[in-house]
Amino acid sequence: MQQIVRAVALLSIVPFLSAYADTEKQDWTERLHLSGDLRLRYEEIKRETQVRRDRGRYRARLALIADVSDKVKVVMELASAADNPVSRNVTFDGGFSGDDIGFDLVYVDWTPIDGMHVYVGKMKNPFFRAGGAPLIWDSDLNPEGIALTNEKGVFFGNAGAFSVEERSESGDSTLMATQIGAKFDIGDKSKLTAGVGYFRYSNTIGNEPFHDGEPKGNSVDLLGNYIFDYKDTELFAVFDTRVGELPLSIHVQWAHNNEVDEQDAGLAYGAKLGSARDKGQWEFGWTYQDIEADAVIGTFNDSDFGDSGTDASGHLIEAKYAVSKSIFLGATFFINKINSFSLPEEDYDRMQLDVEFRFK
């Protein structure tokens, strides 16, 4: 399967090469664009069995977007803390030493027909995330491989084949994933988006947890290796409407690992009111999540909720205010319970205060 993923990704580049002729006479300055952001954060963490933590952090990203042709573009983005799959945050410590940066995004975006995109490389997550809830994916996760997204009429579909771990002494791990859904207008002001997804990881049993070997709530054996496969079915729905002049979004998402008999499900639901996009606008969001230990791969869901990973439940409360189109103030609160399955349950609270600067 790994060889098939690589071959398809390589062959997918061929249309991009011939498409370059469409713009080779155009001045290069007209085809390159920069964008980026800097977020400064104060964070407080309270956990029953640990000393309270107070720290300053930052996240920095700088992207170059090149229009190769009318149908092809290349995206390359540098980011802080790029060695972590689910966080770009850097903590102010280390005795004033320099901080690492790396490629966060390196991909080609080909639009063969209207409504369809083919992505090859390390890309933005192509899958629909109901209400932005981090039940399955952290918002900073950028998978590597090939993906296709398509919208036609009320229907949409997303599919991808991704390389997760390449190993020299055992089989490689891949992720094969797909989503299908539809968007329906309900009256003049409302819309319902609903769908189903399926995410299948290969070669998990007997291998250490992805990235850094930490189980992040997932069940492991005495050697610290996965003891279950992860083949998840996802159901999701989002209802968008308006309350007066304010947008209101209500979302629900359910995930179930078909390979285990207990601790196999995750549920998230919540709402968001308002939209902080322009000067003076604000938004407020609330999500409740309950993620059982082996519902999903703990390495890839939220890096902050429940101290990162699965086996956690509780509330996520967010607020944001737009000082201008480019400067935003934000606050996030996590009120969680952790380790209810694997260890004695603990309270876990986290507060984040942000100032974010964007440019493009």
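A compact table of results
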| read-out | value |
| --- | --- |
| Segments classed as strands (runs of 3 or more DSSP E), wholly inside region 126-203, with at least 2 members that are modelled with pLDDT of 95 or more and under 20 Å from ALA268 (Cα atoms) | 173-186, 190-201 |
| Residue tally, condition farther than 25 Å from ARG358 by Cα, of a type outside the set (S, T, N, Q) and not in a loop (DSSP other than H, G, I, E, B), over region 297-333 | 5 |
| Region 110-125, subset aliphatic (A, V, I, L, M) and assigned to a loop (DSSP other than H, G, I, E, B), residue modelled with the highest pLDDT | MET123 |
| Candidate set from region 341-353 (those that are surrounded by 18 or more Cβ atoms within 10 Å (Cβ to Cβ) and over 19 Å from the mean Cα position of the chain (by Cα)); member that is farthest from ALA60 (Cα to Cα) | TYR348 |
| Residue list for region 91-134, filter: closer than 26 Å to LYS191 by Cα and within 16 Å of the chain's Cα centre (by Cα) | LYS124, ASN125, PRO126, PHE127, PHE128, ARG129, ALA130, GLY131, GLY132, ALA133, PRO134 |
| Matching residues, region 122-158, being under 18 Å from GLN253 (Cα atoms) and β-branched (Val, Ile, Thr) | ILE136 |
| Failed condition for SER69, given (1) closer than 24 Å to ASN142 by Cβ; (2) more than 24 Å from the chain's Cα centre (by Cα); (3) without any contact (Cβ under 8 Å) to a residue 24 or more places away in the chain | (3) |
| Complete set of residues in region 272-291 that are in contact (Cβ under 8 Å) with a residue 40 or more places away in the chain and of a type in the set (A, V, I, L, M, F, W, C) | ALA276, TRP282, ILE291 |
| Unique residue being more than 28 Å from ALA177 (Cα to Cα) and modelled with pLDDT under 95 when the list is GLU245, GLU318 | GLU245 |
| From THR241, THR233, THR193, residue being over 30 Å from SER168 (Cβ atoms), of a type in the set (Ser, Thr, Tyr) and over 24 Å from the mean Cα position of the chain (by Cα) | THR241 |
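For (1) in contact (Cβ under 8 Å) with a residue 24 or more places away in the chain; (2) more than 16 Å from GLN289 (Cβ to Cβ); (3) charged (D, E, K, R), each residue gets a yes or a no:
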{"position": "GLY213", "(1), (2), (3)": "no, yes, no"}
{"position": "VAL220", "(1), (2), (3)": "no, yes, no"}
{"position": "GLY224", "(1), (2), (3)": "no, yes, no"}
{"position": "GLU234", "(1), (2), (3)": "yes, no, yes"}
{"position": "ARG242", "(1), (2), (3)": "yes, yes, yes"}
{"position": "ASN257", "(1), (2), (3)": "yes, no, no"}
{"position": "VAL260", "(1), (2), (3)": "yes, yes, no"}
{"position": "GLY266", "(1), (2), (3)": "yes, no, no"}
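The values are calculated or read from the model by the stated rules, or taken from the named source; none is laboratory data. From a predicted model like this one, the values you see are computed outputs, not experimental measurements. In this analysis, Cβ positions are derived from the backbone assuming ideal geometry, glycine residues included, and neighbour counts consider all displayed protein chains.
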